[in-house]
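Below is one structure; the comments refer to it alone.
The values are calculated or read from the model by the stated rules, or taken from the named source; none is laboratory data. Keep in mind it's a predicted model, so treat the numbers as computed, not measured. Cβ placement follows ideal geometry from the backbone for every residue including glycine, while neighbour counts extend to all protein chains displayed. All accessible areas refer to the heavy atoms of the entire protein, side chains included, with ligands and DNA or RNA removed. Shrake-Rupley method; radii C 1.70, N 1.55, O 1.52, S 1.80 Å.
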Amino acid sequence: QICSQHNAEALNLEQTFHRMAQTEPNLDHDVSWFFLPSYWAKMLVALISFICFANSYDGDFVFDDSEAIINNKDLRAETPLGDLWHHDFWGSKLSSNTSHKSYRPLTVLTFRINYLFAGGFYPVGFHVINIILHCTISVLMVDVFSILLGGLQFSSKGRRLNLAPKTSLLAALLFAVHPVHTECVAGIVGRADLLCALFFLLSFLGYCKAFRENKEGHNFSIFWVLVSVILGAVAMLCKEQGITILGLNAVFDALVINKLNVLELIQKLLHKDKSLENSGLLRKGLLFRITLLMSGGASILYIRWRIMGTGPPAFTEVDNPASFADSLLVRAINYNYYYSLNAWLLLCPWWLCFDWSMGCIPLIKSVSDWRIIALAALWFCLIGLICQALCSEDSHKRRILTLGLGFLIIPFLPASNLFFRVGFVIAERVIYLPSIGYCILFTYGFSLLSKQAKKKKILAAAVLGILLINVMRCALRSSQWRSEEQLFRSALSVCPLNAKVHYNVGKNLADKGNQSAAIKYYREAVRLNPKYVHAMNNLGNILKERNELQEAEELLSLAVQIQPDFAAAWMNLGIVQNSLRRFEEAEQSYWTAIKHRKKYPDCYYNLGRLYADLNRHIDALNAWRNATVLKPEHSLAWNNMIILLDNTGNLAQAEAVGREALELIPNDHSLMFSLANVLGKSQKYKESEALFLKAIKANPNAASYHGNLAVLYHRWGNLDLAKKHYEVSLKLDPLAPGTKENYNLLRRKLEQLQKTGG
């Protein structure tokens, strides 16, 4: 009987919570949208978010993936795990002046785990994890939106109640299918944003758990507040934006837990009203909790600053031209224009681009520029929303609008240029978290329209249409992220003035061997940005290979004039000058390259070639030795050392170098071939034969390998085998120098032997 009485009381208490919830306006009441139980709602959101990005699972490594993953030594097992905590996102030391200062060790750790499990750089595993992360985040959004839109209520058993099941489902679907998220999901480096968002949401949900015992905030769990701070720190170790969740938790506490009226509070502060003491700030522990949050945030930022070691990263004008404008007014106008473009991408995510820098968005330099209208529209909307959020008599409306604006604006602040210069104009990835605020505002607007509309089903059908269009747009955009060629070409129509877009299309074509088409795009990149030194360097390289040396030299000279510390351009200029037989200038260019990049094995290799052409053999050997010290797997440098020592009669030294090289690069057939030649001259025929055969097995279509093995057999007296390999060599290359003469000599010798035998 006692047990039954207790259950009855619990049931009555839970019903009381439901009645309390009904006293507030309910967004779901007027919304014509389908209702699903929580489990099925989450399953639907997961399925839809998976459908949007599923076709990116077998995409390549594209764009920034090369630097952050393929060229990042922190992913490899030989790099100590401890190095991750002292390196930036790209694998450079944080203390270096050239570091990007992006400190995301936990994201890099997940890349490393991916690499180890896959056994190498296979992109499928990386893409699958990104898709799973987005699906997980979208599912968590159902719970987050139910709190933000419906409020925080618990049953007598401590179970959180979803008071807005329909609108929270709609908002979660809007988030799951937003096309602006494609860069984060389909681009592997977007994992930083995904992991940051995951722990960002877990921090928020953890903070909500602190009030499970008493929703009014009189009693709260310090443990869950501290857990929330720790999860915020983890979010920041995935990406810098994560720290903003601590500020949002404070805003949520004030508005939802303490039900503060911000305008009323400001008025009391201004008039020093004594009733402020009774407003609930101290009574409900708000100040204490905010102190915990802010102390935690300050500690995290201090540790982050100490780890960073130096000042902020140095960006160039092409990365963020507005931040380099001399006039404060020009900077302010352009920053606000960028904000309006970010807002437009949330409203109409049709024009998407992998990169918005390098002239993609020309600076606004005059108030007569028609684009000023975008700024006016942005601030007209923002001021209207802020006024409603502060001044509305409807507390429910104030709360939702303030939370919507908070989640829209606060996570965007690190990318706003307000506190420090950022290295981009617009980056779709940084809108991943702010889109939460957009979804809140969109859903609330939909509920207000539904309340006024007579034909609610037509309105619901329109929203469903938007969702379907976004799903298709996500699928299309994901397919564009599958390969660099598709990604770069998709940007040509969106940002035709962006020099980097043309540069990347040209680079992709050059990598595929289409030099003629690549030249066209490189020239356009240089035309759009006459100071684009990387485009000049790549164009100069292609022209050098096509023997158009005069123009190549002009381009490379201009590149080093614009950027005097551009080591690669100095080296390429040296190669061109060497080809033009201006040896002194070439040597000077090589040494300038080495001065700006101390560890530059390719430059030492080319310097060695110059010295070899000048018969400065000792200098050549020293240069190549430097190349192999800096890069032990530098096969060309090893080969040239062996060949030079062989040609100068230093067979013992050539043999020693060859053996040393093969110990470091045991499967390099060109090294086997070079050492086999040396051993043959030293009359070590058996060992020479073994190396020749091994080289031929690795590369059976190399005519010179068969030809030189035939010479070995010829010297050794194995004439039948010599004849066989001469014939194979001539079949592979009928014009092989010396082979035909040696073969004819062998045939005459065989004919003489036959006559003698006869």
What number of residues in region 21-42 are assigned to a loop (DSSP other than H, G, I, E, B), open to solvent by 50 Å² or more (accessible area, probe 1.4 Å) and at pLDDT below 75? 2
The conditions are (1) without any contact (Cβ under 8 Å) to a residue 40 or more places away in the chain; (2) open to solvent by 40 Å² or more (accessible area, probe 1.4 Å); (3) hydrophobic (A, V, I, L, M, F, W, C); (4) more than 26 Å from Val533 (Cα to Cα), and Val330 fails exactly one of them. Which is it? (2)
Scope region 151-205; condition in contact with a Ser or Thr (Cβ under 9 Å, 6 or more places away or on another chain) and on the phi > 0 side of the Ramachandran plot; matching residues: none
Examine region 138-149 for a residue that is in contact with a His (Cβ under 8 Å, 6 or more places away or on another chain), on the phi < 0 side of the Ramachandran plot and in a helix (DSSP H, G or I), and state whether such a residue exists. no
Within region 629-649, identify whether any single residue is open to solvent by 60 Å² or more (accessible area, probe 1.4 Å), charged (D, E, K, R) and within 30 Å of Phe583 (Cα to Cα), and answer yes or no. yes
Out of curiosity, is Pro349 outside any helix (DSSP H, G or I), within 29 Å of His502 (Cα to Cα) and touching a His at 6+ places or on another chain (Cβ under 7 Å)? yes
Pick from region 528-576 the residues that are closer than 22 Å to Glu485 by Cβ and open to solvent by 60 Å² or more (accessible area, probe 1.4 Å): which of them is nearest to the chain's Cα centre (by Cα)? His534
Any hit, region 733-753, residues being within 48 Å of the chain's Cα centre (by Cα), at pLDDT 90 or above and either in a helix (DSSP H, G or I) or farther than 30 Å from Asn622 by Cβ (or both): no
Test Ser416 against the criterion of being among the polar types (S, T, N, Q) and surrounded by fewer than 19 Cβ atoms within 10 Å (Cβ to Cβ), and give yes or no. yes
Can you report the number of residues in region 89-124 which are closer than 19 Å to Val185 by Cα, in a loop (DSSP other than H, G, I, E, B) and of a type in the set (Lys, Arg)? 1
When residues of region 44-74 are limited to those that are open to solvent by 60 Å² or more (accessible area, probe 1.4 Å) and aromatic (Phe, Trp, Tyr), the one nearest to the chain's Cα centre (by Cα): Tyr57
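Per-residue answers, yes or no, for (1) assigned to a helix (DSSP H, G or I); (2) touching a Leu at 6+ places or on another chain (Cβ under 7 Å); (3) at pLDDT below 95; (4) open to solvent by less than 30 Å² (accessible area, probe 1.4 Å):
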{"site": "Ala192", "(1), (2), (3), (4)": "yes, no, no, yes"}
{"site": "Ala197", "(1), (2), (3), (4)": "yes, yes, no, yes"}
{"site": "Phe200", "(1), (2), (3), (4)": "yes, yes, no, yes"}
{"site": "Cys208", "(1), (2), (3), (4)": "yes, yes, yes, yes"}
{"site": "Val225", "(1), (2), (3), (4)": "yes, yes, yes, yes"}
For region 380-395, does any single residue satisfy the condition of being among the hydrophobic types (A, V, I, L, M, F, W, C), more than 23 Å from Glu264 (Cβ to Cβ), modelled with pLDDT of 90 or more and open to solvent by 40 Å² or more (accessible area, probe 1.4 Å)? yes
Looking only at region 113-141, count every residue that is in contact (Cβ under 8 Å) with a residue 12 or more places away in the chain and either among the β-branched types (Val, Ile, Thr) or surrounded by 19 or more Cβ atoms within 10 Å (Cβ to Cβ) (or both) and tell me the total. 19
If you check every pair at least six apart or on different chains, which have Cβ atoms under 8 Å apart with a residue in region 521-544 that is closer than 19 Å to Arg489 by Cα and at pLDDT below 95 first and a residue that is part of a loop (DSSP other than H, G, I, E, B) and open to solvent by less than 10 Å² (accessible area, probe 1.4 Å) second? Leu528/Asn498
List the pairs whose first member sits in region 300-314 and is at pLDDT below 85, whose second member is in a helix (DSSP H, G or I) and of a type in the set (Phe, Trp, Tyr), and whose Cβ atoms are under 8 Å apart, counting only residues at least 6 apart or on separate chains? Ile307/Trp85
The lone exception for Asn701 - which of (1) crowded, with 18+ Cβ neighbours inside 10 Å; (2) closer than 28 Å to Pro734 by Cβ it fails: (1)
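Every residue, every condition in (1) assigned by the TED database to the domain that holds Ala197; (2) modelled with pLDDT under 90; (3) crowded, with 17+ Cβ neighbours inside 10 Å; (4) not hydroxyl-bearing (Ser, Thr, Tyr), yes or no:
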residue: Gly242; (1), (2), (3), (4): yes, no, yes, yes
residue: Val256; (1), (2), (3), (4): yes, yes, yes, yes
residue: Leu281; (1), (2), (3), (4): yes, yes, yes, yes
residue: Ala298; (1), (2), (3), (4): yes, no, no, yes
residue: Asp326; (1), (2), (3), (4): no, yes, no, yes
